[in-house]
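Just so it is clear, none of the values below were taken in a lab; they were calculated from the coordinates. Quick caveat: nothing in here was measured; it's all calculated off a predicted structure. Methodologically, a virtual Cβ is constructed for each residue, glycine included, from the backbone with ideal geometry; neighbour enumeration extends over all protein chains shown.
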Amino acid sequence: MALRERIRVFWESLSPKAKQRVVMLSSIGLILAVSAAGYWVRSGSPPPPKQVAGKREDVALDPKLLEKSMYMEGQKEIAKRDEKIAALSKQIDEIINDKKTDKEHEALKAIKEEKKAQDAKGLSGGPPPKTSARSDSKLPDLPLPSPPSPAAGKGQPAYASFGKVPPPPGTAATGQPYPPAQPVPPSKPDTFGEIEIVSTRDMRSGKEGKEAKAEGADKKKEPGERVYLPPSFMAATLLSGLDAPTSEGAKGNPAPVFIRIKDLAVLPNKVKANLKGCFVIAEGHGNLATERAELRLVSLSCLDRKDHAVIDQKIKGFVVDADGKIGLKGTVVSKMGAAVARSLIAGFFGGIGEAFRQSATTQSISALGATQIVDPSQVARAGIGGGVATAATELQKFYLELAKQTMPVIEVGATKNITVIISEGVDLGIKEIRTITSGRKYEEGI
């Protein structure tokens, strides 16, 4: 404590300039001390290794390296595929060679068996006849077979009526008789499934079967060509007006319309088809919610007078109005107001008649139930009231039925510009027709 007190007293006794000098000298000394300590610490440790900067090498890439690598990969794939194809071809050749070898073995086996059978027959019947060098002896006269008898049935073949050919008489040069002649077995007819072909000759014309089939194929009418019409749209004109009914029963009995195509059909990918002038039949009903007539396409009819080709095909699609919305915009027309008003008046008169009838009766309630008794003095009043009530009720029903039949319709005028849209692709069958029923050509009749 004494040291600190002395330092404080010494510091307070100094003048401001002296204090400034002391502070400056102290700061300089502190800096020198720190620098010396740092130098000592740094000089005592080994110097850090110098980092030698390596040489920078620039890698130059071939601009067509990617294409070359893709080409090499493609060549490898092609080589692998060629190897697979070669292996498959080799296997197929081996299979074909095996089949050929099997067939050759079977044929050789059949020939050997046939030869063995012939040798066995020759041994059993004697040696075959030897022909002598001299042919002085004449051939024996053999009897000719008799002609076929007319009594042979249709089911028997023509050769069934011939007699058996007798074996040639005489003996061979060795003195032994000739072996008996073996009958030739009839050839087995070709069989395809359950159909046997006895002869390829046509029984009527006497021509070979192939020629007869060729003539029959020529006589058959060749089927017409077919052209595929994908989903497309085309500008058209509504030729017939339409009063589209809006009732529930209208969906089962839609109203038909007649449409004429007036421009080329626009197909996908900016392709166009020439359907200009074709007729389209459509049918539809009205929709009160949208105030439009919704039409569905039924058929497409076209005629080419040059080649006499006709197209009459069922199609699926719908109709779009000039505003771009589905359906034809029209005017809602309702004619049921008068019928409803008359039904209301008839109901009013029915109520009055029922009131007259009720006023002329007296109701009594007993253990058996309620009983209505007509006052004898009010019989005429009760009759008139009951008749009016019954007639008014029936008249009200009639007007209600009439009002149901006169439901609102949507009127669409003719000659309206519309767009026909084919919603589902269809194969258009082209029919070739040369003449019409009157004998004239289409181009002459139209």
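Listing for the model above:
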read-out	value
Efficiency of FRET from Cβ geometry, E411 and V374, R₀ 56 Å, rounded to 0.05	0.55
Fully extended contour minus Cα-Cα distance, from E94 to R226, at 0.36 nm per residue	43.0 nm
Protection proxy ranking, peptides 243-255, 64-76, average beta carbon neighbours within 10 Å, highest first	243-255, 64-76
Sequence ranges 340-349, 280-289, ranked by mean other-Cβ count within 10 angstrom, highest first	280-289, 340-349
Efficiency of FRET from Cβ geometry, I7 and A33, R₀ 22 Å, rounded to 0.05	0.65
Pairs beyond 27 Å (Cα-Cα), from K270/K325; K329/K397; K270/K314; K316/K404; K276/K316; K272/K316	K329/K397; K316/K404
Peptide ranges 364-373, 19-28 listed from the most packed, as the mean C-beta count within 10 angstrom indicates	19-28, 364-373
³J(HN,Hα) computed for each position of the stretch 338-348 - Karplus, 6.51 cos²θ - 1.76 cosθ + 1.60, integer Hz, glycine/proline x	5, 5, 5, 5, 5, 5, 5, 5, 5, x, 5
Least to most buried among T101, T361 (fewest other Cβ within 10 Å first)	T101, T361
